[in-house]
Amino acid sequence: MVIDKVKKVNEKEEKRVKNEKASDMMIGKWVKCDNCKEILYKDDLHKNLSVCPNCGKHFRLSSRRRIKQIADEGTFKEIGGDIVTKDPLNFKGYMKKVEMLKEKTKIEEAVKCGTCEIEGEKAVLAVMDGNFLMGSMGSAVGERITLAIETAVKKKLPLVIFCVSGGARMQEGMISLMQMAKTSSALTKLDKAGQLYISVLTDPTTGGVTASFASLGDIILAEPHALIGFAGPRVIEQTINQKLPEGFQRSEFLLEHGFIDKIVERKDMKSTIAKLIRLHK
Amino acid sequence: MAKITAWDRVMLARKMDRPKALDYIQGLFDDFIELHGDRNFGDDKAIVGGIATFEGIPVTVIGEQKGKKAKENMERNFGMPNPEGYRKALRLMKQAEKFHRPIITFIDTPGAYPGMGAEERGQGEAIARNLFEMSKLEVPIICIVIGEGSSGGALAIAVGDRIVMLENAVYSILSPEGFASILYKDSSKAKEAAGDMKATAKDLKDFGIIDKIIKEPEGGAQEDLEMVIKELKAYIKKSLKELSTLSKKELVENRYEKFRTMC
Ligand SMILES: [Zn+2]
């Protein structure tokens, strides 16, 4: 039958494309969406702000890509880039790992801060990066964030922080824990000065970052379906000895429970932030 | 006597018969009246708080409370607060500010409770809010780590003008077991982790994170609580006297600088 023949040709063609995609994936041109399993051409994905065109899954972003998406072209000027990782515990292998990561990620630490313009509105922007030790907060991250906050106070600018973090950085022990107090404390100055702080929670934001500056925004936004919580899901499951329900600790869950103001898709993030800044002028 | 290792101190800090927050409250203060509830959700028994007098002066006291017997320890959720516990603490601290009372907090927790309800009610927000608010309270705050001070759950009531640790107390980013399981992928390496974390009173004094170590009798605070109380009393008295000479503005500014420069 003709139809059978067409079907066969189609199957053959599909198989060919699939094979081609598979071989391209080997050379790094394609990625598979871990949500809908669709094979995506990397360039297409990046053109779509690293959001799956098929299912809308928001892929994790490097600080470099995020800054490119939020700051007006050519306006970002880094603050605190000279603040580097410290090793207060003299922790075995830590500095070696940091050096390796610097080489691999081409960034110096898990946050990049600076002044910039967002649709022409001047702001201080801090963007965390999950590729660097899971975006964990040690002394360098805490110090850079604090400096960003202080710059916002001094220059009378609104502050925007994009959070992504596994929490306080274990390798720096108590020095990391104290960053929570330091950053939260710095935010009291911004608050007192009557200036706007927008916190944006992205996948995943947990631990000591959730329990400090991430939760202290005047306005707290989140990307869709981001994992946001204090304790990690695995720790909770081990504690209560049961599996967590679908969607637990996701952005939609936090919105439902009253802990975030709004879920914003990546394509609308820049304009939403700019609008909020204008509303506070 | 053999050298006391960091792990030995962890064990001492966790001893069931080690004095708990309420023992120190009874020993240091008079006229203690416990106050309950966060006015929003409930009363968390893992945190106690109220008003008392210290040498005749009204003060607000707050403590993470573990039980000294298995049953009480369960009722106290092993000293692991839920968000309403931190919010109760904050309510009492704001009240202290309103009535110009110094605040004394006692830290003793394995960490903030990692349960479903705690997440639903915003454990992260509750801790963050306390850090934020404590940084700007216009009354003196003295924080005393009496046992286990673990993670953000401990820090949530430990932003103050003076941070004190008992000699065998441990103040750490996470329990040694948790630390070992994350960094060594093996929770049985907790003993090793306890040392590597540098979380003893002496370590933290060297880091400049705490101001004072209170000596304990051999074998731990339970062996001679009177002795520990006596030393604590003297330290609180001296500190309150020093802090009372500062204006509100100086007090808050000094606290800011303290955390700004310590790490
Ligand atoms: Zn997809």
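The table below gives the values:
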| read-out | value |
| --- | --- |
| Alpha-carbon Rg/Rh ratio, for the range A:189-281, with Rh computed the Kirkwood way | 1.03 |
| Sulfur and carbon atoms: percent of accessible area, the protein assembly as shown [1.4 Å] | 52 percent |
| Qualifying chymotrypsin sites (Phe, Trp or Tyr not before Pro) in the range A:232-281, DSSP loop, other Cβ atoms within 10 Å at most 11 | none |
| Karplus (6.51, -1.76, 1.60) ³J(HN,Hα), θ = phi - 60°, over the range A:46-63, in Hz, Gly and Pro reported as x | 5, 5, 8, 6, 6, 10, 4, x, 7, 10, x, 4, 8, 6, 5, 10, 6, 4 |
| For the range B:28-39, Karplus couplings with θ = phi - 60° (6.51, -1.76, 1.60), whole Hz, Gly/Pro x | 9, 10, 10, 6, 5, 10, 7, 10, 10, x, 9, 6 |
| Accessible-area ranking of A:Thr205, A:Thr75, largest first, probe 1.4 Å | A:Thr75, A:Thr205 |
| Residue with peak Gaussian network fluctuation, chain A [Cα springs, cutoff 10 Å], from A:Glu109, A:Glu150, A:Glu11 | A:Glu11 |
| Lysine pair count for the range A:156-281 [Cα-Cα under 19 Å; pairs on different chains or 8 or more apart] | 11 |
| For the range A:76-91, residues shielded by at least 40 square angstrom of accessible area compared with the chain on its own, probe 1.4 Å | A:Leu89, A:Phe91 |
| Candidate lysines - alpha carbon under 23 Å from B:Lys230, same-chain residues fewer than 8 apart omitted | B:Lys15, B:Lys20, B:Lys66, B:Lys68, B:Lys202, B:Lys205, B:Lys212, B:Lys215, B:Lys238, B:Lys241 |
| DSSP-defined antiparallel bridges as percent of all bridges, the protein assembly as shown, nearest 5 | 40 percent |
| 18 Å Cα-Cα reach of A:Lys96 towards aspartates and glutamates, excluding residues that sit fewer than 8 places from it in its own chain | A:Asp87, A:Glu108, A:Glu109, A:Glu172, B:Asp196 |
| Chain pair B, A: total accessible area buried, heavy atoms, 1.4 Å probe, Å² | 3900 Å² |
| Cβ-defined net charge surrounding A:Phe248, 13 Å radius [Lys, Arg +1; Asp, Glu -1] | -3 |
| Cleavage-rule hits, chymotrypsin sites (Phe, Trp or Tyr not before Pro), the range B:118-206, DSSP coil, Cβ neighbours within 10 Å at most 15 | B:Tyr184 |
| Relative contact order, percent, chain A [alpha-carbon distance under 8 Å, six or more residues apart] | 13 percent |
| Filtered GluC sites (Glu not before Pro), the range B:106-187: DSSP coil and at most 16 other beta carbons within 10 Å | B:Glu138 |
| Equivalent ellipsoid dimensions for the protein assembly as shown as semi-axes, Å, which come from the Cα gyration tensor, largest first | 45, 26, 22 |
| Neighbour net charge for B:Ile173 - beta-carbon separation under 14 angstrom, K R +1, D E -1 | -3 |
| Amide proton proximity set for A:Lys32, modelled H, under 5 Å, gap of 5+ | A:Leu40 |
| Residues of type aspartates and glutamates that A:Lys37 reaches as a straight line, Cα spacing below 18 Å, ignoring anything fewer than 8 places off in the same chain | A:Glu14, A:Glu20, A:Asp24 |
| For chain B: rounded, prolate or oblate by the Cα gyration tensor [a/c cutoff 1.5] | rounded |
| Under 5 Å, built H, 5+ apart or other chain: amide partners of A:Ser136 | A:Gly166 |
| Candidates B:Ile57, B:Ile163, B:Ile141, ranked by Gaussian network fluctuation over chain B, Cα under 10 Å, top entry | B:Ile57 |
| Mean projection area, nm², convex hull over Cα of the range B:190-263 | 6.6 nm² |
| Local electrostatic count, A:Gly56, Cβ distance below 12 Å [Lys/Arg +1, Asp/Glu -1] | 0 |
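The values are calculated or read from the model by the stated rules, or taken from the named source; none is laboratory data. Please read all numbers here as calculations on a predicted model, not as lab measurements. Quick reminder, even Gly has a Cβ in these numbers, built from the backbone with ideal geometry, and neighbours come from all protein chains shown. All accessible areas refer to the heavy atoms of the entire protein, side chains included, with ligands and DNA or RNA removed. Shrake-Rupley method; radii C 1.70, N 1.55, O 1.52, S 1.80 Å.
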